[in-house]
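Just so it is clear, none of the values below were taken in a lab; they were calculated from the coordinates. Since the structure is predicted, the reported quantities are computational estimates derived from the model, not experimental observations. Neighbour counts run over all protein chains shown; Cβ positions are idealised from the backbone, glycine included.
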């Protein structure tokens, strides 16, 4: 270790409940409270919207099975970084880790903290500068919580996950029980508002829906701290994703049942609008609290999982050696947690809005999802990893369909929105010259 202290292992203490809490806690952030209104502008009817949500939900469930097998083949801290390194080598893994720190994981930490601050403004008037300050406090608080122990961070994750799931279930049940007297608006139709070709509309909507589902992939990041990854990872993926999909489909159905296409396009807070109709103005306040808990829970899960990637890279000599450190008392990758919080704060201050912070994140993620899908085929062919690993059902058909879907989305986005795609991929590409320098300097150890 850099400080000369004895090496300390990460504590193996996480169970299935922790894995489910992490998956659900990260995935259900603010997306379900904001993206459905944007998606309504890309379609002419709820039927098209529902088909898109169902398709992405099933698609993500297959992805969860892919990651369940990868995570049990290599039950080590780092998740995708480990799979990419094993399949494609150190440079590809370095690019993944670089993108994680500089855009993919720190951006949602910054953006979701800002959304939480926005909802704090529902109760207390905040200036733009004050909102930034509140968001920075959220980032620092979550980083501190993760610094002092994975059990504390995981406990907080469980609590926030229970709150957000319970809140959304109450919202769904309330919609079914209390809104029976409201006209059914599911059949309303309008022309899409974007003025774009139908294919462009569909791709743009799918990217937003995928964004709302992102987070499920990070269960494997803490595999090195699980008591029994062979059991914990698959069960966490299947149970957690099934719960998320059911909540999402029910929630968007209630939105459209009450508000219709016109109402959805005319609001940025559909859940608050529906809650107001259910139980009056107090409903909007309840939804605001739920949105804060959802956003902060997602920030905690992201900090908890992504910091393990930076630590793993440094431990293998593929990143700044300073990050190769396990706190002797708390047994956490404390310096990696600090780096995550600091860079998220920098993004928050420099970019300042959720839209700017989130731009390009999904496109970059899809690139690495594709790489991990290819990695699965390689590992099956070579029988790499643990001999008793979970083996996903439907191989090779299901992972092939999953990979083709990822490539189709990437190609469609690159062709139909090439300007933004170039900007998105540039964030990842900035790591290429750095990796060339890093490897040329011989700072890596052999695998």
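Can you give me the angle between helix 106-120 and the longest principal axis of the chain, using Cα atoms only, in degrees from 0 to 90, rounded to the nearest 10?
Taking Cα atoms only, the helix is inclined about 40 degrees.
Please give the FRET efficiency for residue 148 paired with residue 388, using the beta carbon to beta carbon distance and R0 = 30 Å, rounded to the nearest 0.05. Let's see the in-between values first.
Numbers: r = 35 Å, r/R0 = 1.15.
E(calc), rounded to 0.05, equals 0.30.
Return one number: the angle in degrees, 0 to 90 and rounded to the nearest 10, between the long axis of the Cα atoms of helix 150-178 and the longest principal axis of the Cα atoms of the chain.
Orientation of helix 150-178: about 20 degrees from the principal axis.
Testing the spin-label approximation: label points 7 Å from Cα along Cα→Cβ at residue 329 and residue 51. State their distance in nm.
Taking the two extended label points, one gets 5.9 nm.
By how many degrees, between 0 and 90 and to the nearest 10, does the Cα long axis of helix 128-147 differ from the longest principal axis of the chain?
With both axes taken from Cα atoms, the answer is about 50 degrees.
Sequence gap at least 6, Cα distance under 8 Å: using those rules, report the relative contact order of the chain to the nearest whole percent.
Over the chain, the number comes to 35 percent.
If you line up the Cα atoms of region 224-362 on their principal axes, what length do they span on each, largest first, in Å?
So the three principal-axis extents are 55, 42, 29 Å.
Determine the distance separating the Cα centre of region 118-183 from the Cα centre of region 207-244; give it in Å without decimals.
Computed from Cα coordinates, the inter-centre distance equals 20 Å.
What percentages make up the Cα-Cα pair-distance distribution of region 61-135 when the bins are 10 Å wide from 0?
Computed distribution, short to long bins: 17, 29, 23, 19, 11, 0.
Rule-of-thumb check for the chain: C-alpha Rg over 2.2 N^0.38 Å? Don't jump to the answer; show the numbers that get you there.
On the way: Rg = 21.3 Å, N = 447, 2.2 N^0.38 = 22.4 Å.
In units of the globular-protein estimate, the chain measures up at 0.95.
What is the extension gain from residue 182 to residue 350, computed as 0.36 nm multiplied by their sequence separation minus the C-alpha to C-alpha distance, in nm to one decimal?
In short, 56.0 nm is gained.
Could you order the peptides 175-183, 252-260 from most to least packed, using the average number of other C-beta atoms within 10 Å per residue?
252-260, 175-183
Which value in deg cm²/dmol, rounded to the nearest 500, describes the helix-derived mean residue ellipticity at 222 nm for the chain, given -39,500 (n - 2.57) per DSSP H run of n ≥ 4 and division by the residue count?
After summing the helix terms and dividing by residue count, I get -24000 deg cm²/dmol.
Give me the number: length gained by fully extending residue 322 to residue 194, i.e. 0.36 nm times residue separation minus the C-alpha to C-alpha distance, one decimal in nm.
Value of the extension gain: 41.3 nm.
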